[in-house]
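Trainee: Structure in structure tokens, see below.
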Amino acid sequence: MIRHDFAGRTAVVTGGAQGLGLAVARHLAAGGARVALWDLDASLAEQAAAALGEGHLAVGMDVTDEAAVAEAAARTAAALGPASILVASAGIAGPNGRVVEYDPAAWRRIVEINLTGTFLCARALLPQMSAQGYGRVVLIASVAGKEGNPNAAAYSASKAGVIALAKSLGKEHAAENIAVNCVTPAAARTRIFEQMSEEHIAYMLSRIPRGRFLEPDEAASLIAWLCSEDNSFATGAVFDLSGGRATY
């Protein structure tokens, strides 16, 4: 693991209790960051925060609840100091199916968590970064947001929205030494696979020229750099983690 210097920084990782979010949290903590894990599963977040060591925080919350997000932001600042890093990793895949047969309630839930939840968390924490004149934000999108996966239109559309959100935010805050970028991973074998059909999982693997799924630590290495002071110029950008799948 390459360790970047995050000493004195407070980092928020949504969906940080497991999977990609937890891998990122470990990298940030290894660099000296005080990490707040925001996750719907409060018990799992507590276990993950304890495993990171002393000086970290678990916050059980729902990223789609505006009041809960505001409360989490205030609680984190009080316990660890104002946030200067946000990694928005909370998200769901939802069921697989064709658009003409898709449950509108499932569509709304996926967009609410993946896109609106990301918006609410950024909206709550960016003022803390603006006050410091420094910030690093990484939004976790997906290669599906670039290409559109069949039988996963809600997920694909929500992640396309995350890409556009990162581009807009990057431009809005560029003059404040706040970098906002996103990454577009191929699938990683985490618990999100439990929401997918075996057919869809096989389809995703077939699309990756590397011939395997992404490892969470591979993604965390790039994300940690994007969160660091070493990333002094890139903002509003999309960083590919698709194993050669993406064509742009």
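Trainee: For the range 43-62, which positions are in contact with an Asp or Glu (Cβ under 9 Å, 6 or more places away or on another chain) and either in contact (Cβ under 8 Å) with a residue 24 or more places away in the chain or surrounded by fewer than 17 Cβ atoms within 10 Å (Cβ to Cβ) (or both)? Steps first, answer last, please.
Mentor: The first filter runs over the range 43-62 and keeps only residues in contact with an Asp or Glu (Cβ under 9 Å, 6 or more places away or on another chain), leaving 45, 48, 58-61.
Those that are in contact with an Asp or Glu (Cβ under 9 Å, 6 or more places away or on another chain) and either in contact (Cβ under 8 Å) with a residue 24 or more places away in the chain or surrounded by fewer than 17 Cβ atoms within 10 Å (Cβ to Cβ) (or both): Ala45, Ala48, Ala58.
Trainee: Scan the range 155-172 residue by residue and report those that are within 14 Å of the chain's Cα centre (by Cα) and without any contact (Cβ under 8 Å) to a residue 24 or more places away in the chain.
Mentor: Within the range 155-172, Ala160 is the sole residue that qualifies.
Trainee: Right, here's the next one. Take Glu176 and tell me if it is over 21 Å from Leu37 (Cβ atoms), out of contact with any helix residue (DSSP H, G or I) (no Cβ under 6 Å at 6 or more places or on another chain) and of a type in the set (Asp, Glu).
Mentor: Values: over 21 Å from Leu37 (Cβ atoms): yes; out of contact with any helix residue (DSSP H, G or I) (no Cβ under 6 Å at 6 or more places or on another chain): no; of a type in the set (Asp, Glu): yes.
Criteria not met by Glu176.
Trainee: Separate question: Within the range 42-64, can one find any residue that is in contact with a His (Cβ under 7 Å, 6 or more places away or on another chain), modelled with pLDDT of 95 or more and not aliphatic (A, V, I, L, M)?
Mentor: Just the residues of the range 42-64 that are in contact with a His (Cβ under 7 Å, 6 or more places away or on another chain), to begin with: 49.
Narrowing further to those that are modelled with pLDDT of 95 or more: 49.
Then drop every residue that is not not aliphatic (A, V, I, L, M), which leaves none.
No, the conditions are met nowhere in the range 42-64.
Trainee: Among Asn96, Asn114, which is the only one that is touching a helix residue (DSSP H, G or I) at 6+ places or on another chain (Cβ under 8 Å), at pLDDT below 95, polar (S, T, N, Q) and under 26 Å from Ser206 (Cβ atoms)?
Mentor: Details: Asn114 fails: at pLDDT below 95.
The unique qualifying residue is Asn96.
Trainee: Return the residues of the range 1-22 that are more than 14 Å from Trp225 (Cβ to Cβ) and either within 11 Å of the chain's Cα centre (by Cα) or of a type in the set (A, V, I, L, M, F, W, C) (or both); say none if nothing qualifies.
Mentor: Ala7, Val12, Val13, Thr14, Gly15, Gly16, Ala17, Gly19, Leu20, Gly21, Leu22
Trainee: Another question, then. Is it the case that some residue within the range 206-215 is of a type in the set (S, T, N, Q) and free of Cβ contacts under 8 Å to residues at least 24 places away in the same chain? Spell out the reasoning first.
Mentor: Filtering the range 206-215 down to residues of a type in the set (S, T, N, Q) leaves 206.
Keeping just the survivors that are free of Cβ contacts under 8 Å to residues at least 24 places away in the same chain gives 206.
Checked the range 206-215: at least one residue is of a type in the set (S, T, N, Q) and free of Cβ contacts under 8 Å to residues at least 24 places away in the same chain.
Trainee: Quickly run through the range 34-62 and pick out the residues that are within 17 Å of Ala88 (Cα to Cα) and acidic (Asp, Glu).
Mentor: Matches in the range 34-62: Asp39, Asp41, Asp62.
Trainee: Inspect all residues belonging to the range 176-188 and state whether any of them is over 25 Å from Gly97 (Cα atoms), touching a Ser or Thr at 6+ places or on another chain (Cβ under 9 Å), surrounded by fewer than 16 Cβ atoms within 10 Å (Cβ to Cβ) and at pLDDT 95 or above.
Mentor: yes
Trainee: Given the residues Lys171, Lys159, Lys167, which is the only one that is closer than 27 Å to Gly211 by Cβ and either assigned to a loop (DSSP other than H, G, I, E, B) or touching a strand residue (DSSP E or B) at 6+ places or on another chain (Cβ under 9 Å) (or both)? Please lay out each step first, then the result.
Mentor: Details: Lys171 fails: closer than 27 Å to Gly211 by Cβ; Lys167 fails: closer than 27 Å to Gly211 by Cβ.
After ruling out the rest, the residue left standing is Lys159.
Trainee: State which residue is surrounded by the most Cβ atoms within 10 Å (Cβ to Cβ) when the search covers only the range 1-27 and only residues that are in a strand (DSSP E or B) and in contact with a Phe, Trp or Tyr (Cβ under 9 Å, 6 or more places away or on another chain). Walk me through it before giving the result.
Mentor: Filtering the range 1-27 down to residues in a strand (DSSP E or B) leaves 10-14.
Filter again for in contact with a Phe, Trp or Tyr (Cβ under 9 Å, 6 or more places away or on another chain), leaving 12-14.
Working: Val12: 31, Val13: 34, Thr14: 30.
So, considering only residues that are in a strand (DSSP E or B) and in contact with a Phe, Trp or Tyr (Cβ under 9 Å, 6 or more places away or on another chain), the one surrounded by the most Cβ atoms within 10 Å (Cβ to Cβ) is Val13.
Trainee: Same structure, new question: Tell me, which residue of the range 63-93 that is of a type outside the set (A, V, I, L, M) and not in a loop (DSSP other than H, G, I, E, B) is surrounded by the most Cβ atoms within 10 Å (Cβ to Cβ)? First the steps, then the outcome.
Mentor: So in the range 63-93, the residues of a type outside the set (A, V, I, L, M) come out as 64-66, 71, 75-76, 81-82, 84, 89, 91.
Filter again for not in a loop (DSSP other than H, G, I, E, B), leaving 66, 71, 75-76.
Working: Glu66: 15, Glu71: 14, Arg75: 15, Thr76: 25.
Only one residue tops the list, namely Thr76.
Trainee: Looking only at the range 201-219, which residues are of a type in the set (Gly, Ala, Ser) and closer than 19 Å to Gly94 by Cβ?
Mentor: Going residue by residue through the range 201-219, those that are of a type in the set (Gly, Ala, Ser) are 202, 206, 211, 219.
Matches in the range 201-219: Ala202 only.
Trainee: Please go through the range 226-237 and pick out each residue that is surrounded by fewer than 21 Cβ atoms within 10 Å (Cβ to Cβ) and touching a strand residue (DSSP E or B) at 6+ places or on another chain (Cβ under 9 Å). If you could, list the steps in order and put the result at the bottom.
Mentor: Quick first cut of the range 226-237, residues surrounded by fewer than 21 Cβ atoms within 10 Å (Cβ to Cβ) only: 229-234, 236-237.
Within the range 226-237, Glu229, Asn231, Ser232, Phe233, Ala234, Gly236, Ala237 qualify.
The values are calculated or read from the model by the stated rules, or taken from the named source; none is laboratory data. Keep in mind it's a predicted model, so treat the numbers as computed, not measured. Positions of Cβ are generated from backbone atoms using ideal geometry, with glycine treated the same way; all protein chains shown enter the neighbour counts.
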